[in-house]
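Here the structure is laid out as C-alpha cells; the discussion comes afterwards.
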Amino acid sequence: MARYAMVFDTRRCIGCHSCTVACRTKNELPLDMIYNPVTTVGPAGVYPNLSMVHMPLICMHCENPPCVDACPTCASQRRDDGIVFVEDKKCVGCLACVMACPYGARVKNHETGAVQKCDFCKDRVDEGKLPHCVLTCHQKARVFGDLDDETSEVYKLVNGERTVRLLAELGTEPYAFYIYG
Amino acid sequence: MSKSVDLSQEGIEVKKSCCYFCHQNCGVLAYVKDGNVLAIEGDPSYPTNEGGLCCRGNIALKHLDHPARVNYPLKRVGKRGEGQWEQISWDQALDEIAAKLAAIRDEFGAEAVATAGGTSRTDDWARRRFMNLFGSPNCFHNSHLCWIPTFMVETAIYGWCPFDLDLGASRCLVLWGQNPGASSMPEMHHIRGLQAKGLKVIVIDPRFTETAAKADMWLPLRPGSDLALALAWVNVIINEGLYDAEFVTEYCEGFGELADHVEQFTPEWAAPLTWLTPEQIRESAYMYATSKPGNIQWGVAIDQLGKSAGAAMHARALLRALTGNLDCPGSDLLTGPSQDSITDEEMEANDRLPEEQKAKQIGADKFKLVTWPGYGKIAELAKKHWGKAPTAEWMCEAHPPSVFNAILTGEPYPVKALLVSATNPVNSYGQSKMTLEALRKIDFMVTCEYWMTPTAALSDYVLPIAGALERPTITNSYGCADFLLCSQRAIQPMYERRNDYNFWRDLGMRMGQEEMWPWETVEDAYHYRIEPLGYGTESYDEFVELYRFHFPEREFYKYKRIGFGTPSGKIELYSSTLKDLGYPPLPEYVGPAENEADDPELAKEFPLVLTTGNGFMPFHHSEHFQIKELRFLRHEPRVEINPATAAELGIAEDDWVWIETRRGRIKQKASLTQGVAPRVIVTERGWWFPERSMTEPELGGCLESNTNVLTSVADEHCDPMSGTWANRGLLCKVYKVNGADAKEGK
C-alpha cells in the first residue's frame, strides 16, 4: 500500500501562486476558498540585508488526523494510503473538524454547506496522475509521491535532505514535509 | 472534492496548444471534445515549461469564454466613448473599414494610417505585410520598451543579438533588470536547477525581487543608474586585466579607443551615482569576468531607461565582447536568423514599401536606430552576413509617442486613422494623459481585441479576436531565433472571433492586395513557412502533431568561420554603424532621465526616485484585471515604499497615496517593504478597472492608478538612438490621499 506525501522545497518556491490558482480553478472552488495558500515571509531584515521565504500551506494529511477524530458523522476519513478527505454527502457542516485542525486547512463551502479541503486530488492520483498543484509548479517546489517507494523522489528527499514537519510537537505526524534553505 | 474531468472518455482529442498570455508560450495540452475544450494542462514534454503553468496559464478556460469577452464585430453608433454599439457582420465591418482607409489614403496619403500593436499577442508579420502593401511606414508596438533597442544596438556591434543563452554550461549568470521569478517562470526553474550545480547568479535590481532573494549577489542600484554601473564594470574589466586578451586582439576592433574612453569611469566614480559601494561594483565585475563562461541575460529595465538607454545597452554589450562570452559553449550565442524556414521578415514584403514612404516614417528623423535609417543599414549588413534580416515588425517602427503627437498636432503631418491590435495604449504607452487625448482625437480607430478596454471603448469598430486556444502559434523570439516551437489551435474560434491574420488578409483582399495573400488560413501560411524544414508534412497541424519543434544543430564559434556581421567583420567595440548613424561610437555617460545631480531644483520638489514597468504576478502588462480567479491575488494597485520613508511622510500600510511627477499624479495603495531603498518608489504597471463604467469620462478609471501617467515621453527624455522613453529613474513625490480627493484621478 502506498503512503502518499508531499514535500515542499522552499529553496525553489518563488511565491507565484500558480498552485493556488490551479487548485482553485480546476477544483472549481468558490472565490472565498483556498486549499493551498502561499504565504510570503519577508523581505525580512533591514535594507539591504534581507531574506525572503515563501511557505506553501496545504492539508498535511496527518498520520493521526485530529479532524477525523473530531468528525461526528464520519464524513472526514483517512484512506489506507494516507489521504485524508471529506465525504461531502456525510458532512453536516458542524465545523468540529475546522476547530480541531491545527493547520487551518479546512474551510466550509458556503455553496454546498460541506467542509472541504485538499484531498491530494485523489481522483487524479487514483488514475496515476499528479495533483494539479504539483503538475503546475514550474519550479518543481512541490514533489508528490509514495513514501513507501524507495525509488520515489519524495522518499529520496525525505530521507536525504533535512526536512521539517509543521507543529510536529502535536503528534499529528503530518505527511507534508518542508525543506528550508 | 476534486472535480477532475474524465479525460479517458470516448471521443476526446488532445491538442498541442500553447499559452498566449506572455511570450514564453508555455506548452499546453488541451483536451477537446465536439469542439469544446474540456480541460487544459501544462504539456510535460514541452522543453521550457515541462508541464508547469503559472497563474495566467491556469485560467485559460476562464479567459476562453469569459462573460466580458468581445465576441462579435461592433460598430459605434453613439458618440465616441458613449458605449453605444451595433453588432454587425465581419463583411460589413471590413467593407466599411476598407472604404474609410482608402478615402484617408486618397486625401492624406497612406502614411496617415498608423497601427499599434501589443506584445506578441498577434500575427505581427501579417500586419506589417498589410501596411507595406498599403503604403504606410507607421507601424509601431511598445517594442521600444522591450528588447528591440537592445537587439539593434547589439546587432550593430556584433552582427546579431546574442539573446539565446547556453546556460547549461555557464558558470555565472547576470540578471540585469530582469526578474524571472515573476515574469518568466520556466527560466527561473532552470536557473534554480543550475544554481544547485554551482552556477553563480548576480541580480541587478533596485527591488529585492523573487529572483534577488535567490541570488548569490544582489546589487540594489539607484533606479535608472544602469549606465554608470555598466561603464564601471567595463572600467574594472579593462583596468584590472580581466578581459580575454586573445579574443579581444583577434576578434575585436577599437579596444584602444575604448580603454582610453572608460578610464574615467572608475567604481569610485560610479558609486555615488549608483548608490553602490566601489567594492560591490568591483566584486560583481570580478564575478562576471572571472567565472567563465558566463551570460548576461537581457531584461527590460535597460530598454526602459529613456535617454541613457542606448548607451547603457552599448556598455552592457561590450562586457560580453571583452570577456569573450560570445558564441562559445556556456555563453551568449549568436545564432543568426533561421536558415531552415521562412522567417517573419521574409513574410513581411518589406521590399514592397516604396523608399519615399519609408522616408516618411514618423520619428525616423529623430531616432534612427529602430526606424528605417538604422534598420535599413543593419538589415543590409545582416543580409550580407546571414543571408537574412531581422524582423522589421518590431525592429523598424514609427516612434509611438511621436505618432500620438502627430494625431494631436498634425505635425509632421496628419495621422487620421489608427488600427489597434491587442494593445491598450492608454495604459501601456508612455505619458498616458497625452496618449488618451490622442485616442480621443483620432478621426478613425479600429481595435482588434479580446476585451472592451479603455482604448477599445473609444474606437469606431471593435473586432473580436481569437485567443490562446483558438489560434496556431509559432514561437521563435519575434522571428529572430534559429529554432521554432510550433503549437496548434485547440478549437476553431468561438462565436464570431477571428485570428487577426484574417483581419489583415481580408482587409488586404478588399484593397487590391489579392495576389499577395495566397494563404487562406494562418495554418496555410505557417505551413508555407515550415515546408523548407524538410519534414515532408502535408499540413501545419501534422507538423505540430508529429514533430512540433525544430532545433537546428548548434554551431559554436561561428565567427572563426564567417567573422561577425559588421562592416569590418569583427566585433566593433568602437561602433562604425552607430557612428555612421550619427551616434557616439563609444558609450558616453548621461544621467538618468531625471536626477538630483542634473536638476537639483526638481529634486527639491520631487525628492524620491521612481521606477515603473516591472512585471508582477498574476497580471501581464495591462491584461487580466477582469478575471476574478486572478484578481483575488491582487485586487488593488500597490506601490512599494520603504518603512523609514513612509514614517517620514506619515504613511501607513494600506494607505492610499498619491504618486506625483511633473506629468501628473496617480494613486496606489502603500505597501511598506524593506525590499526597496529608503528613497525608492516602485509602482505597479498597467492598472485599470474593468468593473467600472467603460464609457466617457470614466473609461474604466484608466488614468487613476495608471503608472504611465507618471512616465515621460518628452524628446529630451528619450534615448537619442532608439527613442525609447523614460519609465525608470524618474523623480517623484508621494503623499497621502485625503478623503476629499479620494475619487479623483488625474
Selected residue (criterion: farthest from residue B:617 (Cα to Cα)) from residues of the range A:158-179 that are within 14 Å of another protein chain (Cβ to nearest Cβ) and over 17 Å from the mean Cα position of the chain (by Cα): A:160
Restricting the range B:201-243 to residues that are in contact (Cβ under 8 Å) with a residue 40 or more places away in the chain and of a type in the set (Lys, Arg), the residue that is least open to solvent (accessible area, probe 1.4 Å): B:222
Residues (within 7 Å of another protein chain (Cβ to nearest Cβ) and modelled with pLDDT under 95) located in the range A:26-48: A:27, A:28, A:31
Complete set of residues in the range B:398-432 that are part of a loop (DSSP other than H, G, I, E, B), touching a Pro at 6+ places or on another chain (Cβ under 9 Å) and open to solvent by less than 10 Å² (accessible area, probe 1.4 Å): B:398, B:424, B:429, B:430
Enumeration of residues in the range B:195-236 that are more than 14 Å from chain A (Cβ to nearest Cβ) and in contact with a Phe, Trp or Tyr (Cβ under 6 Å, 6 or more places away or on another chain): B:231, B:232, B:235
Unmet criterion (only one of (1) assigned to a loop (DSSP other than H, G, I, E, B); (2) crowded, with 16+ Cβ neighbours inside 10 Å; (3) more than 9 Å from chain A (Cβ to nearest Cβ)) for residue B:45: (2)
Boolean, residue B:64 is away from chain A (no Cβ under 13 Å) and buried (at least 19 other Cβ atoms within 10 Å of the Cβ): no
When residues of the range B:177-200 are limited to those that are more than 25 Å from residue B:57 (Cα to Cα) and out of contact with any Asp or Glu (no Cβ under 7 Å at 6 or more places or on another chain), the one least open to solvent (accessible area, probe 1.4 Å): B:199
Per-region count, the range B:51-78, residues under 20 Å from residue B:185 (Cα atoms) and charged (D, E, K, R): 1
Matching option when the condition is closer than 23 Å to residue B:337 by Cβ, of a type in the set (Ser, Thr, Tyr) and open to solvent by less than 70 Å² (accessible area, probe 1.4 Å), among B:521, B:611, B:566: B:566
Qualifying residue in the range A:1-19 (condition: without any contact (Cβ under 8 Å) to a residue 24 or more places away in the chain and either within 9 Å of another protein chain (Cβ to nearest Cβ) or closer than 30 Å to residue B:212 by Cα (or both)): yes
Subset of the range B:510-539 that is assigned to a loop (DSSP other than H, G, I, E, B) and either modelled with pLDDT under 95 or among the acidic types (Asp, Glu) (or both) - its residue that is nearest to residue B:467 (Cα to Cα): B:520
From A:65, A:56, residue being buried (at least 21 other Cβ atoms within 10 Å of the Cβ), more than 9 Å from chain B (Cβ to nearest Cβ) and in contact with a Lys or Arg (Cβ under 6 Å, 6 or more places away or on another chain): A:65
Test: residue in the range B:530-544 that is open to solvent by 70 Å² or more (accessible area, probe 1.4 Å) and on the phi > 0 side of the Ramachandran plot: no
Residues satisfying the stated conditions in the range B:48-61, i.e. at the interface with chain A (Cβ under 7 Å from one of its Cβ atoms) and either in a helix (DSSP H, G or I) or among the small types (Gly, Ala, Ser) (or both): B:51, B:52, B:55, B:58
Among the candidates B:481, B:457, residue that is within 30 Å of residue B:546 (Cβ to Cβ) and of a type in the set (Gly, Ala, Ser): B:481
Residue ID - most open to solvent (accessible area, probe 1.4 Å), chosen from residues in the range B:626-639 that are over 23 Å from residue B:653 (Cα atoms) and assigned to a loop (DSSP other than H, G, I, E, B): B:626
Any helices (runs of 4 or more DSSP H) falling wholly within the range B:299-347 and containing at least 1 residues that are among the small types (Gly, Ala, Ser) and under 20 Å from residue B:206 (Cα atoms): B:300-303, B:309-323
Filter pass, residue B:32 being away from every other protein chain (no Cβ under 14 Å), farther than 30 Å from residue B:191 by Cβ, more than 30 Å from the chain's Cα centre (by Cα) and surrounded by 19 or more Cβ atoms within 10 Å (Cβ to Cβ): yes
Residue, farthest from the other protein chains (Cβ to nearest Cβ), within the range B:678-702, restricted to residues that are surrounded by fewer than 22 Cβ atoms within 10 Å (Cβ to Cβ) and touching a strand residue (DSSP E or B) at 6+ places or on another chain (Cβ under 8 Å): B:690
Filter pass, residue B:104 being touching a residue at least 12 places away in the same chain (Cβ under 8 Å), open to solvent by less than 50 Å² (accessible area, probe 1.4 Å) and in a strand (DSSP E or B): no
Enumeration of residues in the range A:22-39 that are open to solvent by less than 60 Å² (accessible area, probe 1.4 Å) and either free of Cβ contacts under 8 Å to residues at least 24 places away in the same chain or of a type in the set (S, T, N, Q) (or both): A:24, A:25, A:27, A:36, A:37
Unmet criterion (only one of (1) within 26 Å of residue B:185 (Cβ to Cβ); (2) more than 14 Å from chain B (Cβ to nearest Cβ)) for residue A:92: (1)
Lone qualifier among A:34, A:14 - being within 16 Å of the chain's Cα centre (by Cα) and under 21 Å from residue B:632 (Cα atoms): A:34
Output for the range B:373-407, where each listed residue is closer than 25 Å to residue B:445 by Cβ, out of contact with any Asp or Glu (no Cβ under 6 Å at 6 or more places or on another chain) and not β-branched (Val, Ile, Thr): B:394, B:396, B:397, B:398, B:399, B:400, B:401, B:402, B:404, B:405, B:406
Of all residues in the range B:612-670 being in contact (Cβ under 8 Å) with a residue 40 or more places away in the chain and on the phi > 0 side of the Ramachandran plot, the one that is nearest to the other protein chains (Cβ to nearest Cβ): B:624
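The values are calculated or read from the model by the stated rules, or taken from the named source; none is laboratory data. Just so it is clear, the model here is predicted, and its values are computed rather than measured. Using ideal geometry, Cβ is built from the backbone for each residue, glycine included, and neighbour counts are taken over all protein chains shown. Heads up: the accessible areas ignore ligands, DNA and RNA and are worked out on the full protein's heavy atoms, side chains in. Shrake-Rupley method; radii C 1.70, N 1.55, O 1.52, S 1.80 Å.
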